[in-house]
1. Does segment 50-60 hold any residues that are under 17 Å from the mean Cα position of the chain (by Cα) and part of a strand (DSSP E or B), and which are they?
2. Just need a number here: residues in segment 61-101 that are closer than 20 Å to Thr119 by Cα and part of a strand (DSSP E or B).
3. Which one is farthest from Trp71 (Cα to Cα) among residues in segment 93-106 that are of a type in the set (A, V, I, L, M, F, W, C) and open to solvent by less than 60 Å² (accessible area, probe 1.4 Å)?
4. If you check Leu36 against the conditions, is it in contact (Cβ under 8 Å) with a residue 24 or more places away in the chain, assigned to a loop (DSSP other than H, G, I, E, B) and in contact with a Gly (Cβ under 8 Å, 6 or more places away or on another chain)?
5. Could you tell me whether any residue of segment 25-41 is basic (Lys, Arg) and farther than 20 Å from Asn125 by Cα?
6. Looking at segment 154-176, can you tell me whether even one residue there is under 28 Å from Gln33 (Cα atoms), open to solvent by 60 Å² or more (accessible area, probe 1.4 Å) and over 12 Å from the mean Cα position of the chain (by Cα)?
7. Of the conditions (1) touching a residue at least 12 places away in the same chain (Cβ under 8 Å); (2) of a type in the set (D, E, K, R); (3) over 19 Å from Tyr174 (Cβ atoms), Asp79 fails just one. Which one is it?
8. Could you check Thr129 against (1) free of Cβ contacts under 8 Å to residues at least 24 places away in the same chain; (2) open to solvent by less than 20 Å² (accessible area, probe 1.4 Å) and say which number it fails?
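The values are calculated or read from the model by the stated rules, or taken from the named source; none is laboratory data. As the structure is a prediction and not an experimental result, all values here were calculated from the model. Cβ: placed from backbone, ideal geometry, glycine included. Neighbour counts: every protein chain shown. When the accessible area is computed, the model is the full protein with side chains, heavy atoms only, and any ligands, DNA or RNA have been set aside. Shrake-Rupley method; radii C 1.70, N 1.55, O 1.52, S 1.80 Å.
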Amino acid sequence: MSMLNTVKGFCVVVVAMALWSCSTQIEDYKGEQPALKLEEFFNGDLVAYGMVQDYSGKVIQRFKADLQGTWNGNNGVLDEQFYYADGTTQERIWRITKTGENTYEGRADDVADVAVGTTAGNVLNWSYTLIIQRDGEPFEVQLDDWLYLVDEDNMINRTKMYKFGIEVGEITLYIGKK
C-alpha cells in the first residue's frame, strides 16, 4: 500500500508540474508591441463592452461601461460606470499606482486588499479578490485578470474567476478609446 501511495503521489506531482509548465506566464509577452503602459492607455475617455459567463460557459450578464482615466505622475484614477443588460448600474473607481517600471497596484471599494499587476510587452496580468453581491450578501472571488493591448486604441480583457481554487466564471470584454 505504501508503494501505491508513493506512485500516486509522484503521478500527482508530475501532472501538476506539466500543467504549470504549460500555463501562460507574463514573460511570454515580453517582446510584444505596442508596449502597454496603463498611464497611457487608461488616460482619457474609453468605452467597454463585455459579458460574464458562469462555470459552464453560459452568458449570465452583458454590459457596457464608460471609463474615464486621469493620471498625475505615477498615480491614476479610473472611473468605471457599468450599465448592465438587466437595467442595473454600478460604479467602480480604481486608484492605481505605478510602483515600478512594469508593476502596478490598484485599489477599489469592492476589491479586498490590493490588486497587484505586472506588465510585459503588450499585456498586463492583475491578481486580486473582488467582492460581489450574491443574494444580497458579499461573496469574494479571486480574479486572474489579463489585459491584451491590440493596438494603441484597443484592448481585449479576459478574466477567470475562482472560488476556493475552482473556476466559477469568466469575464470577457473589449475596451476602446473614444
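1. Residues of segment 50-60 under 17 Å from the mean Cα position of the chain (by Cα): 50-55.
Correct list: Gly50, Met51, Val52, Gln53, Asp54.
2. Keep residues of segment 61-101 that are closer than 20 Å to Thr119 by Cα, which gives 69-78, 94-101.
After this cut, where a residue has to be part of a strand (DSSP E or B) as well, the list is 69-72, 75-78, 94-100.
Qualifying residue count, segment 61-101: 15.
3. It comes out as Trp94.
4. On the way: in contact (Cβ under 8 Å) with a residue 24 or more places away in the chain: yes; assigned to a loop (DSSP other than H, G, I, E, B): yes; in contact with a Gly (Cβ under 8 Å, 6 or more places away or on another chain): yes.
Against the criterion (in contact (Cβ under 8 Å) with a residue 24 or more places away in the chain, assigned to a loop (DSSP other than H, G, I, E, B) and in contact with a Gly (Cβ under 8 Å, 6 or more places away or on another chain)), Leu36 qualifies.
5. Of the residues in segment 25-41, the ones basic (Lys, Arg) are 30, 37.
Checking which are farther than 20 Å from Asn125 by Cα leaves us with none.
Within segment 25-41, not a single residue is basic (Lys, Arg) and farther than 20 Å from Asn125 by Cα.
6. Yes, that holds for at least one residue.
7. (3)
8. The failed condition is (2).
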